[in-house]
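Working notes, beginning with the structure itself.
The values are calculated or read from the model by the stated rules, or taken from the named source; none is laboratory data. Just so you know, these numbers come straight off a predicted model, no measurement behind them. Quick reminder, even Gly has a Cβ in these numbers, built from the backbone with ideal geometry, and neighbours come from all protein chains shown. What goes into the accessible areas is simple: the full protein's heavy atoms, side chains included, and nothing from ligands, DNA or RNA. Shrake-Rupley method; radii C 1.70, N 1.55, O 1.52, S 1.80 Å.
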Amino acid sequence: MSGRRMETVLTTHFADEGFRRLEGYLGKAGYEGLRKAVAMPREAIVDEVKKANLRGRGGAGFPAGVKWGFLPKDLSRPRVLVVNADEGEPGTFKDRLILSRGPHLLVEGIAITCFALQIHEAWIYIRGEYAREARILEEALSEARAAGFLGKDLLGSGFDLEVVLHRGAGAYICGEETSTINSLEGKRGWPRLKPPFPAAVGAFGRPTLVNNVETLANVPWILRNGGERFAALGCEKNGGTRLVGVSGPVVRPGIYELPANANLRSVVYDVAGGLRDGKALKAVIPGGSSTPVLRADEIDVTLDIESMAAKGTMAGTCGVIVIPEGTCMVRALSVLMNFYAHESCGQCSPCREGTGWLARIVGRIEAGEGKPGDVELILDVCDNMSGRTICALADAAAMPAQSFIGKFRGEFDRHIAEGKCRP
Amino acid sequence: MSFSLTEAARAELDRLFAGYPNRAAAILPALHVVQREKGYVPDEAIPFLAELAGTSPADVEGIATFYTMYNRGPVGRYHLQVCRNLSCSLMGAEHIIAHVSGKLGIRPGETTPDGMFTLSMAECLGSCGTAPVMMVNDEYHENLTPESIDALIERLRAGE
C-alpha cells in the first residue's frame, strides 16, 4: 500500500485490550455518535447513513440506508431489528474480530439504528460456535444497559430499547436473513419465500430489519464524523472501508481494514506479505467461498462491488482465500462441495439433490473414479440449481463449481483421464 | 419417560420460555441448556421440552437434528471438532485430523474407550486467518501444529 496512513473506522483501537470494555470505549469517543443521534431528527440520521454510501457487509452489498427505508412508515405494528452475527461463509472471520475486540461499536450501532427507525426491540443472532464472543458481547450489553445507553429512556431521550442475545446452534444457512428469522423463532433454519419481505412480515410476524454486524458497527463513526466523510473513505457507490480477511498460506493472514477500492493483488502481496515459502500464486477466491474464483493473472482488480462484478466475481464478504501453486483444484472444489451438501437445508429439491450430486461427482473425480462426461454433468447440475430455489445457497454452491471448471478445466479433464492428481 | 434436570437448570428453562415472544422460540436456547447439563440431548428431553414449549415432540426433534451443535448421543468429556473447510484445508487440516486421529486411536465420529475424547470434523468455524483450527468443547484452539495438539491432549488427559 502507499505510505500514507489510511484512516480507519472500525479497527483503530482494536489493539487496545481495554477497548472492549465500556470504560476504554468511552475514552475513544464511544457513544458520542449515539449522544449526537438522540438530539437529531430521525430522518436526519437516516440521511447521514444514505449519504455515507454504506452498503451491507454481509455479502450482498445492498445499500443500508435504502434497506432501512423499506420498513413501513406506519408505526402501529412494533418493528424489530435482527442483527446477523451468524458469520459462516468460509473464508470470512471479520465479524468475530468486531465482536471480540470492539463489541461496543456494535451495541452503539444498534442503539443509533433502533433510535432512528423507532425500533424498540433488537435481537442479536450469533452463531452458536462463537461462545467466547457471545460472553464478551453479553458483558458489553450489560455495561451499556447499566450506563443508560440501552434500556428504558436511553440517554434521557424517552426512547426505550431492549436488546437480546440469541445463540444459534450450527447451521450455515441461518446467515440467510429469512432463515435467521425462522431460527430465531425456534424453528429449523429454513429460508422463507418472499414476498412477504422481512420488512413487512419478519420475526414474530413483525416488520423486521436484518443487518450484518460490520454494517451496524460502522454507524457510530458515520454519526460522529458525517456521512460524507465516510463516503470519501471509499469510492463511488462504496462508502467507507472494508474488513478484508486474508486466509490461506500467506505470510501475514488476518483481518485488514482497507479502503473499499483496495487492489486485490496488493492485498495478497503487500498487505498479507505474499505467499509463504516463496510459492507462486495459483488462484484467489475473493469474497468468501461462494464467490467465483480468479486465476493468478486476474487479480489486478479493486475490491469494490462494481469492479468485482465486472471481473465476473463478487466482493461478497471480502473473505480472500489465497490458493498457492501446487494445490489440486479438484480437491479444493471437493472440499467446498462437501460443505454446501452438508449445509443445504433440504427444503428445495434442486439444492438438496444438486449439492449432494455436486459433492459426489467432484468427489469421485478427486478419488480417481471420474467418468468421461462428468464435467459436463457438473455444469448441467449447476444449471438446474441456479435461480431455482427459495434462497441463494444453490447459487452459492453452483458458482464455485462453474468457475473452478471454467478457469481450471484442464485439471478436471486430466483427473478423469489419468485417474489421479497432476495439479 | 422420565427426564429431570437440576433445579438451577429448570429455573433457567422457565426464564427462557417466559422471556420470548412465544414459547416455541426458546427451544434453541433450551436445547443448549439441556446439552450443557447432560453433555448431549437425550431422547427423553424431546417430549419434555415439547411440553414446556407447547409444541409437538416432532417439532423439537426436527430442530434438535437440524442443528449440528446438538449432540444426539453421548460424547466424550472433550469434544474435539477440527475444521476441514478450504482455508483450514490449505493450511493442512487433513494432516491435523490424521494426527489427532492417530494420537487418540479413533476415527472422526468415534469416542475413546475411556470416554475422554470424541473426534469430529466441523465446517468453517470462522477462524480462517488462524487456520488450522479446532474447537474443544466451547473453546477455540488456533494455529494448530502437531506439537501444539500433543501438548493440548496431554494437558486435557492430566485434567488441567
At a Cα cut-off below 28 Å, give the lysines reachable from A:Lys36, other chains included and same-chain residues fewer than 8 away excluded.
-> A:Lys28, A:Lys50, A:Lys51, A:Lys67, A:Lys73, A:Lys94, A:Lys152, A:Lys237
Just tell me how shielded B:136-142 is by partners: mean number of partner chain Cβ atoms within 10 Å of each residue's Cβ, no decimals.
-> 2
Give me the angle, in degrees from 0 to 90, between the Cα long axis of helix A:349-366 and the longest principal axis of the Cα atoms of chain A, rounded to the nearest 10.
-> 50 degrees
Taking DSSP loops as anything outside H, G, I, E and B, show the longest stretch in chain A free of trypsin sites (Lys or Arg not before Pro) there with at most 15 other beta carbons within 10 Å.
-> A:280-387
Give the long-range amide H neighbours of A:Val80: residues separated by 5 or more places, or on another chain, with amide H under 5 Å away, using H modelled in the peptide plane at 1.01 Å from N.
-> A:Thr208, A:Leu209
When Cβ neighbours within 10 Å are restricted to other protein chains, what is their mean count per residue of peptide B:111-124?
-> 2
Considering only protein heavy atoms and a 1.4 Å probe, what is the carbon-and-sulfur percentage of the accessible area of the stretch B:11-100?
-> 51 percent
Please work out how much length the chain gains when fully extended from A:Glu369 to A:Arg252, using 0.36 nm per residue of separation minus the C-alpha to C-alpha distance, in nm with one decimal.
-> 38.4 nm
Shielding score for B:65-71, defined as the mean number of other chain Cβ atoms within 10 Å = 6
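Among A:Tyr25, A:Tyr172, what's the order by accessible area (1.4 angstrom probe), most exposed first?
Highest to lowest solvent-accessible surface, that is A:Tyr172, A:Tyr25.
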How do the peptides B:110-118, B:6-14 rank, highest first, by the average count of neighbouring beta carbon atoms within 10 Å per residue?
-> B:110-118, B:6-14
Before anything else, pin down the relative contact order of chain A: Cα pairs under 8 Å, at least 6 apart, normalised by residue count, whole percent.
-> 16 percent
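What accessible area per residue, rounded to a whole number of Å², is obtained for the protein assembly as shown using a probe radius of 1.4 Å?
That works out to 38 Å² for each residue.
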Calculated FRET value between A:Arg276 and A:Ser76, using beta carbons and R₀ = 51 Å, to 0.05 = 0.30
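R0 = 22 Å: FRET efficiency of A:Asp383 with A:Arg409, Cβ-based, nearest 0.05?
On the way: r = 16 Å, r/R0 = 0.75.
Working from the Cβ atoms, E equals 0.85.
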Accessible area lost on pairing A with B, both sides, 1.4 Å probe, Å² to nearest 100?
-> 3300 Å²
Under the Karplus curve 6.51 cos²θ - 1.76 cosθ + 1.60, θ = phi - 60°, whole-Hz ³J(HN,Hα) for the stretch B:8-17, x wherever Gly or Pro sits = 5, 5, 4, 5, 5, 4, 4, 4, 4, 5
Farthest towards the positive end of the dipole of chain A, among A:Thr327, A:Gly227, A:Gly274 and with Cβ unit charges of +1 on Lys and Arg and -1 on Asp and Glu, lies the Cα of A:Gly227
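Tell me, what % of the accessible area of the stretch A:175-286 is carbon and sulfur with a 1.4 angstrom probe?
Roughly 52 percent of what the probe reaches on the stretch A:175-286 is carbon or sulfur.
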